[in-house]
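The values are calculated or read from the model by the stated rules, or taken from the named source; none is laboratory data. Quick caveat: nothing in here was measured; it's all calculated off a predicted structure. Using ideal geometry, Cβ is built from the backbone for each residue, glycine included, and neighbour counts are taken over all protein chains shown.
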Amino acid sequence: MPEEVRTEPKLASPPRVTRRTLRVRGTDVTLLEEVRLLAIEDLGFDVEFENLDFLTCQHRAAMDPLNYDIYEQCFHNLDIVWYWGALQPIETERIKQWDNIGSLAKSGGISKYTWQGHGDAPVRKLYVQPDGTLGQQPMPQISMLPTAHNVDSFGYDRRLFGEEGPEGSSWAWLLDRRARGRIALVDEPAIGIFDVALAAEANGDLTFEDIGNMTVDEIDSLMGLLETLRQQGFFVGSWVSPDQAEALVRDDRVSVQSMWTPSYGNLGKMSGIFCESFPREGYRAWHGGASLARHLTGAKLDMGYEYLNWWLTGPPGAVMARQGHYMTNPEGVRAYLSAEEWGYWYDGDIARCDLKGPDGRIVVRKGQRRPGGAYRERVSRIAMWNTVMDEYNYAARAWKRFIASLGTATP
Amino acid sequence: MTQIIMPRTPAGQGQEPLYETISRVLRHNITSGRLPAGLVLIEGPIAKLMQTSRAPVQASLRMLNAEGLIHRFRGRGYLVGAAGATSQPVRKSLDEYDFDIPEASRTALAIRGTWIRVYDQVEAEVAACQIFGEFRVIETELAEYLGVSRTVARDVLSRLNERGLLRKGASSHWLAGPLTARTLREKFELRSIMEPAALRLATDYIDPVQIAAIRARIDRGDARDAAELEGALMRHCLGRAPNGALVEIIANNRLLLSSMDKALIDLGLPVDVVALDQYRTLFDLIGLRQVDAATEYLKEHLRILSFKSLARLKIVALIPEIETIPCYLVKV
């Protein structure tokens, strides 16, 4: 029992117990109000969410390590915070569902025959090695508890590109001349750079020896190509948050652009016209998770573990599923979804009824089928992962200059 | 390249070449008997005492050798006294003698001392900016900034060039950076080739008492950070290798890396306790004269350090160029 309960003077009315609070710093990928309310309901303490954009979140997690207890982000930018010494290892023996966590996170692919993908596959950052570095050799301590994840592609206008056909679309469409003047890119460097790199390699403009770890020369070539295209008026601009991307589609200002899964449910009358692609080269994947702040000890550390364990209990995974994201222990989520929801989101079935998103609005219409199909089909086609590559400092600075020259495409 | 020399220093000062001044001081101390016959003279300690670089000391030692005041011997450096005298080499610090720097020479050296201080400042600034990208160094701005002549500014930049912190661009501009992952990887690759080799060469020259003292510091928790122990490794182990050229290349190769570490520490990078532990083990092995194990361990330590440095460089991407970058450095 916390100190304050014992020292409270005896009163006629029941003692007022100061609720303990756990502070979570993260991004709007997982820090949904619906998730927070569920957590407070299930856990014996309050949960505060500090919702930041990707870059601010990493920066503050590293440089301001005392003002949060849990860090919720992605594996691909974990290096930044981990090697700054802001986090502590998680003991897997304290994670009740550890054995039910899928092999995509634990060993790199859903089966031993699937390719791990270029770049920062979560398994390469998962296990804490004896020398304090992160690697894929299994160890009893991990850096981040794997939770929500997904595979991304780009969105395209069917009126311009037509149907995808049996082979699927190609990342080349993202820099397609037919869409000149109607292309937008996401500003986040660990994501946007790879959207265009996949496109440039798919259309034959450039080749990368290892697209997940580009050299300085390759980065220079890529930025040179983008500058040329910019001068030719290819881009309408960049977007920072998904709602900006959705507004660009609703206002009919883009024919193809970087786009994330939850946005496809928010396109209004453009739904069915602006579609999620199924690129033949494969997806760009990401994997989220939660980490423990370095400063946690004793009772506060126990709360941290309670919260991590709670993420794998099912209800939060169901919220994630309703915006299209997968959980690392899918079977644990199943009981909290309707048969129709499970069928559409995880099994790739045709929706048998309208489906609601986390906030209760309808995001999927009866008769739709998820592009790319079932979970296993989609995650077995990962071309690469969001990545903070070795030359990130160099690449991100060049990217930032390029994005600044585009301007934000605020509608 | 021709440039107008702007004489800022008052006339009459600093006109004499530095090696002349140093020669005069050494000559004075030898002929007056302050330095005994057989004393080993090495340029490093003399340079330190006179607050100059090593090059002019080398020149003046060659001069005194030609004059017959000192002579070469089988070891490193020179012996005081004319050749032929069968004196045993005396290896003692100059501090132990009543070494005298006459007032006039002192003034001349003090001016040079300013140069050294100026150099250290510029070296630190030029190295630190490189994590933020590529910079052009404007010579006139630098002279203005330091309040020195363009000649001095150019000397400073030439020295940085020699040490690999600057280069000349296609249009003869001085360029610094960017410090990329490629640069970092290359420098660590060089380290893992040269430093274990130097450690092996140095084996018989390492002072066990020093190593024990360092170990005691680590055990008491007095070692501030990994940078301190890295410095100790350089000074007391690698630097003892009887190959001055190798030691110099190692020192120059480390410059950019240690200034990156310093820049990151200034940004708030906490002490790396794993690295402290690794240094403890390394100094244990060196203290035990386990040469093979120590060199292998040093290699592994450098591999891990390289990996961590690459990861730490990534956070710099999130930090805007600091306003404290001095005005003579202009972003390319």
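Only one of the numbered conditions (1) assigned to a loop (DSSP other than H, G, I, E, B); (2) surrounded by 19 or more Cβ atoms within 10 Å (Cβ to Cβ); (3) touching a Gly at 6+ places or on another chain (Cβ under 7 Å); (4) of a type outside the set (Val, Ile, Thr) is violated by residue A:181, and that is (2). Annotation: of all residues in segment A:86-102 being within 14 Å of chain B (Cβ to nearest Cβ) and of a type in the set (A, V, I, L, M), the one that is surrounded by the most Cβ atoms within 10 Å (Cβ to Cβ) is A:87. Of the candidates A:328, A:387, the single residue that is within 14 Å of another protein chain (Cβ to nearest Cβ) and touching a Gly at 6+ places or on another chain (Cβ under 6 Å) is A:387. Among the residues of segment A:14-58, those identified as farther than 22 Å from residue A:359 by Cα and polar (S, T, N, Q) are A:18, A:21, A:56, A:58. Considering (1) in contact with a helix residue (DSSP H, G or I) (Cβ under 6 Å, 6 or more places away or on another chain); (2) crowded, with 18+ Cβ neighbours inside 10 Å; (3) away from chain B (no Cβ under 14 Å); (4) under 24 Å from residue A:24 (Cα atoms), the lone condition that residue A:156 does not fulfil carries the number (4).
Please determine whether any residue of segment A:82-93 is under 25 Å from residue A:284 (Cα atoms) and touching a Leu at 6+ places or on another chain (Cβ under 7 Å). Within segment A:82-93 (the criterion being under 25 Å from residue A:284 (Cα atoms) and touching a Leu at 6+ places or on another chain (Cβ under 7 Å)), the answer is yes, since at least one residue qualifies. Take residue B:197 and tell me if it is buried (at least 21 other Cβ atoms within 10 Å of the Cβ) and in the same structural domain as residue B:307 (by TED's automatic domain parsing). No: the conditions fail for residue B:197. Which of the residues belonging to segment A:121-142 are closer than 24 Å to residue A:211 by Cβ and either more than 11 Å from chain B (Cβ to nearest Cβ) or among the aromatic types (Phe, Trp, Tyr) (or both)? A:121, A:122, A:123, A:124, A:126, A:136, listed by residue number. Only a single item in (1) among the β-branched types (Val, Ile, Thr); (2) touching a Leu at 6+ places or on another chain (Cβ under 7 Å); (3) not assigned by TED's automatic domain parsing to the domain that holds residue B:33 is not met by residue B:107, and it is number (2).
Listed here are the residues, each with its yes/no results for (1) at pLDDT below 95; (2) touching a Phe, Trp or Tyr at 6+ places or on another chain (Cβ under 7 Å); (3) of a type in the set (Gly, Ala, Ser).
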position	(1), (2), (3)
B:141	yes, yes, no
B:153	yes, no, yes
B:157	yes, yes, no
B:166	yes, yes, no
B:183	yes, no, no
B:189	no, no, no
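Per-residue answers, yes or no, for (1) over 21 Å from residue B:332 (Cβ atoms); (2) not polar (S, T, N, Q):
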position	(1), (2)
B:133	no, yes
B:137	no, yes
B:140	no, no
B:146	yes, yes
B:157	no, yes
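For segment B:65-95, filtering for residues that are under 25 Å from the mean Cα position of the chain (by Cα) and either surrounded by 15 or more Cβ atoms within 10 Å (Cβ to Cβ) or within 26 Å of residue B:163 (Cα to Cα) (or both) leaves 5.
The rows are residues; the columns are (1) outside any helix (DSSP H, G or I); (2) without any contact (Cβ under 8 Å) to a residue 12 or more places away in the chain; (3) farther than 19 Å from residue B:248 by Cα.
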site: B:164; (1), (2), (3): yes, no, no
site: B:172; (1), (2), (3): yes, no, yes
site: B:185; (1), (2), (3): no, no, yes
site: B:190; (1), (2), (3): no, no, no
site: B:195; (1), (2), (3): no, no, no
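For segment B:251-292, filtered to residues that are within 13 Å of chain A (Cβ to nearest Cβ), surrounded by fewer than 16 Cβ atoms within 10 Å (Cβ to Cβ) and among the acidic types (Asp, Glu), the residue that is nearest to residue A:60 (Cα to Cα) is B:266. Could you look through segment B:299-316, keep only residues that are more than 7 Å from chain A (Cβ to nearest Cβ) and among the hydrophobic types (A, V, I, L, M, F, W, C), and pick out the one that is surrounded by the fewest Cβ atoms within 10 Å (Cβ to Cβ)? Selected residue: B:302. Of all residue pairs spaced 6 or more apart or on separate chains, those with beta-carbon atoms under 8 Å, a first member in segment B:117-131 that is farther than 14 Å from residue B:266 by Cα and a second member that is charged (D, E, K, R) and part of a helix (DSSP H, G or I) are B:119/B:159. Scanning segment A:303-343 for residues that are among the polar types (S, T, N, Q) and assigned to a loop (DSSP other than H, G, I, E, B) yields A:313, A:323, A:328, A:329, A:338. Counting the residues of segment A:188-219 that are under 18 Å from residue A:258 (Cα atoms) and part of a helix (DSSP H, G or I) gives 14. Filtering A:337, A:312 for residues that are surrounded by fewer than 22 Cβ atoms within 10 Å (Cβ to Cβ), away from chain B (no Cβ under 14 Å) and more than 30 Å from residue A:223 (Cβ to Cβ) leaves a single hit, A:337. The set of residues in segment A:237-259 that are closer than 21 Å to residue A:402 by Cα and in contact with a helix residue (DSSP H, G or I) (Cβ under 8 Å, 6 or more places away or on another chain) comprises A:237, A:238, A:239, A:242, A:245, A:254, A:255, A:256, A:257, A:258, A:259.
Residue by residue, here is whether (1) at pLDDT below 95; (2) at the interface with chain B (Cβ under 9 Å from one of its Cβ atoms); (3) part of a strand (DSSP E or B); (4) crowded, with 23+ Cβ neighbours inside 10 Å holds:
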position	(1), (2), (3), (4)
A:49	no, no, yes, no
A:56	yes, yes, no, no
A:65	yes, yes, no, no
A:72	no, no, yes, yes
A:77	yes, yes, no, yes
A:80	yes, yes, no, yes
A:84	yes, yes, no, yes
A:104	yes, no, no, yes
A:111	yes, no, no, no
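Taken over segment B:171-198, the criterion of being away from chain A (no Cβ under 12 Å) and either closer than 17 Å to residue A:217 by Cβ or touching an Asp or Glu at 6+ places or on another chain (Cβ under 8 Å) (or both) is satisfied by B:174, B:175, B:176, B:196.
Please work out if residue A:366 is within 14 Å of chain B (Cβ to nearest Cβ) and either surrounded by fewer than 19 Cβ atoms within 10 Å (Cβ to Cβ) or among the β-branched types (Val, Ile, Thr) (or both). So residue A:366 fails the test.
Across segment B:249-293, which residue is modelled with the lowest pLDDT among those that are within 23 Å of the chain's Cα centre (by Cα) and of a type in the set (Ser, Thr, Tyr)? Only one residue tops the list, namely B:259.
Taken residue by residue, segment B:117-124 has no member that is closer than 24 Å to residue A:392 by Cβ, assigned by TED's automatic domain parsing to the domain that holds residue B:255, at pLDDT 85 or above and not hydrophobic (A, V, I, L, M, F, W, C).
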